[in-house]
Each structure stands twice: as structure tokens, then as C-alpha cells.
Amino acid sequence: MNELTTIILRSIAISGTATLLASAWSIPLAYLLSGSYRLRHIAYLLEALVGIPTVLVGLLLYMLLSNAGPLGFLQLLYTPQAIIIGEALLITPLITAVSYQTLKETRTRYTELALSLGATKQQAARLVITQSLPNLLAAIVMGYSRAIGELGVALIVGGNIKGLTRTITTSIALYTAMGEYENAIMLGMVLVLLTIGISLLVRLVRKRWDIE
Amino acid sequence: MGYRISLDNVSYKYPGQNRYSVSEISIKFNPGIVYGLIGSNGAGKTTLLKIIALIYKPNKGKLLYNNSDPWNNVVFYRRSIAYVHEKPIMIRASVYNNLAYPLKIRGISKEEINKRIDRVSRLFGIQDLLGKNAKTLSTGEKQIIGIARALIYDPEVIVLDEPFSNLDYHKRRILLDVIDSQASQGKTIILASHDTLMIEKISSKILVLENGKALCFGPTRQIIEKLYEYSCNS
Ligand SMILES: Nc1ncnc2c1ncn2[C@@H]1O[C@H](COP(=O)(O)OP(=O)(O)O)[C@@H](O)[C@H]1O
Ligand SMILES: [Mg+2]
């Protein structure tokens, strides 16, 4: 396989894993927050962190993972795993905040509906989740788009190592610095296609969903 | 047979509010009678209905279903209550699946589900809608689907919030007939509406709410007269 293809596939894998990881904790967290009047401040805090700069997350994670840092013994710095963790942290506020908004809207309505029709608590929770799924999916896609398009984390904790941690965005930065604009532009277009493609796909899924 | 539902000094306050939305209501609802709940916007009709339908638990006072506390076995009691929201809530699915939902969660068989959907859609004249996406219906259609979905499990208590507001003349007629026939089967029926005319037509007893308090309660004719004379007092 040529190098560019490997880089593209690696980027998809890293950002995809980061998105799955972040969703695995963000959506349950959002569900928890949406049901509690007292915990709403946590949701506001996460909302405020949605636009947190990627270099800042990269820097903080670098300090944790570097040899002198508290998690240095894990030897994760400059590995794909480090990028995955960093991107997962980066998009956690985004996925949580967007999921929180949609769950807060649907939760009261659909919980009431389910209970009024005789559902148990578990059945009501299931209805809330299935009714929110299309919007939760949109939240997940937003997270994925942000993860695959970010540079700060990948560069700082990934290190742009050829054959190991080089991603689309770090390659674009490198090619541009080296004056190899053709490759940079090509990868840039792939990046745009990847983000547009996934959101079109989700749109399609959502449409199918509504008809059922 | 419907339940005898009694409220004794029942009050309810929404979380984070300092004012009671329903305040010290005492009343008894008997089976086989249609009760009308009237009052202006914000009077507390919806809140009171949700207390009766076991969606909100009273902060103060006692609510009894045939002398027992329904909150001790709340899923059981809810399964015998039809409660329909004033703004109809549709599940993202076909009308058929909306009607099937309450039966599915009760573990009822597919054949029985089809049989009941057939019966209820004939009753309300909604056969043509079964295959449609429920989210795309008109408000009136949603309203009637909401009512059909709540009557499909043959509840003992029927609590409808503003059931007539979005219905056309024809559907109103159908609903009035359905309510009449449910009452004669001994169901406990409570309807809320700001449309005094419809309530006057269908109910035999009326409760007037104002600012969360019971303003007056009694036989329809008597209450309507009092309302005209501005002499309502409990
Ligand atoms: N979810 C809510 N949170 C806080 N206050 C509410 C909520 N729903 C209703 N209220 C308040 O409770 C009072 C009664 O409302 P409601 O029962 O909806 O009246 P009605 O159905 O007669 O129009 C109103 O003052 C309303 O503002
Ligand atoms: Mg109301």
C-alpha cells in the first residue's frame, strides 16, 4: 500500500477509535446529567469547553505522558494510543454537550409518554434513547469530524512519526512546510470528503429511521 | 370497573419553583361518570391531571385509588390508566408502531396486537394512517392517534388533556361517542379543557381550577350557572 493510503486509513482508525471511546462515556454522562436538576452545572461547564483549543489538550496530555510526568511510566507518548486518548478527551465536551441538549429535550417528553402508556423505568429509558438516537448519532459525527480534522493533539502527543503516528493533518502540515503542496492539497481534499461523506451517510440513516 | 380516585389536600410544586402549581385539592372521582376540569391557562389543569395519572407524585396530601396508595405499585396502576398529553407526543415510527407500543411493552402477542389495532383504527376511522410516519401527521391526527394509543389497552381510568382542541367536527363527534360509551362501561373519566362548551356538553360534574386551587365543584348545570353569575365558591 502506498504511504498516503496508509496515512488516510490510520487517521480514520485513530479518530474512529477516539470517537467510539468518547461516545462510550459521553452519552451515558449526558443521560445522567439530563435527568438531574442539581448536576446541570456540569453540563454548562462542558458546554463552555466545547471549543477548547486542541493544542491546549495536546500540551496537557504531553505533560501527563512525558517521561517526567505522572503517567510517564505508561510509555504512551508518541504512540497512536496517545493520540486516541487525546482526541477522545478533546471531543468529550462536544459529544456530551450536544447529547445533553437533545436528551434534555426528549427525556421529559418520552419518559412521560412511556410511563403514561404503562412502561417500566427501563422501558422508558429505552424509549428515550431510541427516540434520541438520530440526534445522538449527529453528536457522534460532530465529534468524529472534529477528531479527524484536529492537528494539535496528533502533533504534540503523536509526534508525526513516519509509519506510526503520522496522520492526515500532521502530513498536511509537514508537506506544506516542505513545499510539497500537491500532496498537501490532495490530503486536504480527502479530509473534506471524509467529513462530508460521513455526515451524508448519517443523514441517509436518519431518513430511513423516521420511516421504519 | 373504574377506580374510585380520591385526593385529600393534594399539592404539587415543580422542582426549582417556589409556588405550588396545584394547591390543597380535595376531591373524589367515581367510576362511570365524566368529570370536566376547567380553568384558564396556567390554572393547574395539566398538573392536576398528571398527578391523577401517576406521572407526578404529590409533594403533600394523599392520593388513593380504591383506598390504596397507587404509588406502592405504580406500574401496575399506570397500566390501567389512559393519559393523553395536550400536545400529542408521537414516537418516531409508523402510526401502526405507535399504536402497538403500549401492547408490546405489556408482552402481548403479535396476533392480539393486530386484532386490537384493527378494532381501534376502525373505531376512530384511522385505517388509512397506519402506514404513515407518525411525526408527519397533522396535530389533529396526532391527537386522535394519541387517544387511540391510550385506549387500545382497555384502561379503567381515562384522563385526557384538552382532547378536543385540535379535532375537526367529525372527529369530535367520534370522540364524544367513545367517551360516552366508556363512561357507560363504568370507566373513571376526567377531561380538562379551556373550552367550556365541550366540557359542558360531555361531563356530568365540573371542577373549576384557579391558580392551582379548586374554585368550585359540582353538577355541570349548577357550576355553569355559577360561572355565569361569577358566584363560584367551593
Ligand atoms: N414544567 C414546569 N416547570 C415549572 N412550572 C410549570 C411547569 N409546567 C407548568 N408549570 C406552572 O404550573 C402552573 C400550572 O400550569 P398547568 O398545569 O400547565 O396549567 P393549565 O394546564 O391549566 O394551563 C403554571 O403557573 C405553570 O407556569
Ligand atoms: Mg394545560
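The values are calculated or read from the model by the stated rules, or taken from the named source; none is laboratory data. Keep in mind that what you see is a predicted model, and the values were worked out from it rather than measured. Reconstructed Cβ throughout: ideal geometry from the backbone, glycine too, with neighbour counts over all protein chains shown. Side chains included, ligands, DNA and RNA excluded: accessible areas come from the protein's heavy atoms. Shrake-Rupley method; radii C 1.70, N 1.55, O 1.52, S 1.80 Å.
I'd like the mean, over residues of B:152-159, of how many other protein chain beta carbons sit within 10 Å of each residue's own Cβ.
Average neighbour count from other chains, rounded to a whole number: 1.
Go through B:Lys45/B:Lys226; B:Lys110/B:Lys132; B:Lys115/B:Lys142; B:Lys87/B:Lys132; B:Lys57/B:Lys132 and tell me which ones have a Cα-Cα distance over 24 Å in this structure.
B:Lys57/B:Lys132
For chain B, take the longest principal axis of its alpha carbons; what is the angle in degrees between that and the long axis of helix B:110-124, to the nearest 10 within 0 to 90?
60
Compute the relative contact order of chain B as a whole-number percentage, counting only Cα pairs closer than 8 Å that sit 6 or more residues apart in sequence.
Over chain B, the number comes to 30 percent.
May I ask for the accessible area buried between chains B and A, both sides summed, probe 1.4 Å, to the nearest 100 Å²?
2100
Probe radius 1.4 Å, ligands and nucleic acids left out: which of B:Trp71, A:Trp25 has the largest accessible area, and how do the rest follow?
Result, largest first: A:Trp25, B:Trp71.
B:Tyr77: accessible area at probe 1.4 Å, nearest 10 Å²?
About 30 Å², rounded to the nearest 10.
Under a 1.4 Å probe, what is the accessible area of chain B per residue, stated in Å²?
Dividing the accessible area of chain B by its residue count gives 46 Å².
Can you run phi through the Karplus equation (6.51, -1.76, 1.60; θ = phi - 60°) for the stretch B:74-81 and list ³J(HN,Hα) in whole Hz, with x for Gly and Pro?
5, 5, 4, 5, 4, 5, 10, 10
Suppose accessible area is computed on protein heavy atoms with a 1.4 Å probe; arrange B:Glu200, B:Glu112, A:Glu150 from highest to lowest.
I get B:Glu200, B:Glu112, A:Glu150, largest accessible area first.
Compute the FRET efficiency between A:Leu39 and A:Arg126 as 1/(1 + (r/R0)^6), taking r as their Cβ-Cβ distance and R0 = 30 Å, and round to the nearest 0.05.
That gives a FRET efficiency of 0.85.
At 1.4 Å probe size, put B:Ile105, A:Ile85, B:Ile206 in order of accessible surface, largest to smallest.
My answer, sorted largest first, is A:Ile85, B:Ile105, B:Ile206.
Placing +1 at every Lys and Arg Cβ and -1 at every Asp and Glu Cβ, with all other atoms neutral, what dipole size does chain B have around its Cα centre, in debye to the nearest 20?
Value, rounded to 20: 640 debye.
Only Cα pairs under 8 Å and at least 6 apart count here; give the relative contact order of the stretch B:32-107 as a rounded whole percent.
20
What accessible area, in Å² to the nearest ten, does a 1.4 Å probe give for B:Asp69?
60
Excluding B:Ser23 itself, calculate the net charge of residues whose Cβ lies under 11 Å from the Cβ of B:Ser23, where each Lys or Arg counts +1 and each Asp or Glu counts -1.
After counting each charged neighbour, the total is +2.
Compute the FRET efficiency between B:Asn30 and A:Leu20 as 1/(1 + (r/R0)^6), taking r as their Cβ-Cβ distance and R0 = 45 Å, and round to the nearest 0.05.
With R0 = 45 Å, the Cβ-Cβ based efficiency is 0.20.
Kindly express, to the nearest 10 degrees and within the range 0 to 90, the angle between helix B:95-104's C-alpha long axis and the longest C-alpha principal axis of chain B.
Tilt relative to chain B: about 70 degrees.
Calculate, for A:Arg208 and B:Leu176, the FRET efficiency according to 1/(1 + (r/R0)^6) with r their C-beta to C-beta distance and R0 56 Å; round to the nearest 0.05.
Here the calculated transfer efficiency is 0.90.
Quick one: helix B:139-151 against the long Cα principal axis of chain B, what's the angle to the nearest 10°, folded into 0 to 90?
Compared with the principal axis, the helix lies near 90 degrees.
Gain in length, B:Ser138 to B:Gln222, computed as 0.36 nm per residue apart minus the alpha-carbon separation, to one decimal in nm?
So the extension gain works out to 26.5 nm.
Quick check for you: which residues of the stretch B:57-91 have the amide N under 16 Å from the point 7 Å beyond the Cα of B:Ser109 toward its beta carbon?
Nothing falls inside the zone, counting backbone N under 16 Å.
Given Cβ point charges of +1 (Lys, Arg) and -1 (Asp, Glu) and nothing else, what value in debye, to the nearest 20, does the dipole of the protein assembly as shown about its Cα centre take?
Value, rounded to 20: 920 debye.
With a 1.4 Å probe and all protein chains left in place, how much of the accessible area of the protein assembly as shown comes from carbon and sulfur atoms, in whole percent?
Result for the protein assembly as shown: 58 percent of the exposed heavy-atom area is carbon or sulfur.
Label point 7 Å out from B:Lys60 along Cα-to-Cβ: which residues of the stretch B:1-45 have amide N under 14 Å?
Under cut-off, by backbone N: B:8-14, B:18-26.
Top mean-square fluctuation among B:Leu137, B:Leu209, B:Leu191, Gaussian network model of chain B, C-alpha springs under 10 Å?
In this elastic network of chain B, the residue with the biggest mean-square fluctuation among B:Leu137, B:Leu209, B:Leu191 is B:Leu137.
Note every residue of the stretch B:92-132 with a reduction of at least 50 square angstrom in accessible area, all protein chains present versus the isolated chain, computed with a 1.4 Å probe, or write none.
Buried by the other chains: B:Arg92, B:Tyr101, B:Ile105.
Using the membrane-span-like helix rule (whole DSSP H runs, Cα extent along the own axis of at least 24 Å, mean Kyte-Doolittle hydropathy at least -1.0), which helices of chain A qualify?
Membrane-span-like by this rule: A:3-34, A:80-116, A:121-149, A:181-211.
At 1.4 Å probe size, with every protein chain present, just tell me what the per residue accessible area of the stretch A:3-211 comes to in Å².
I get 49 Å² per residue for this part.
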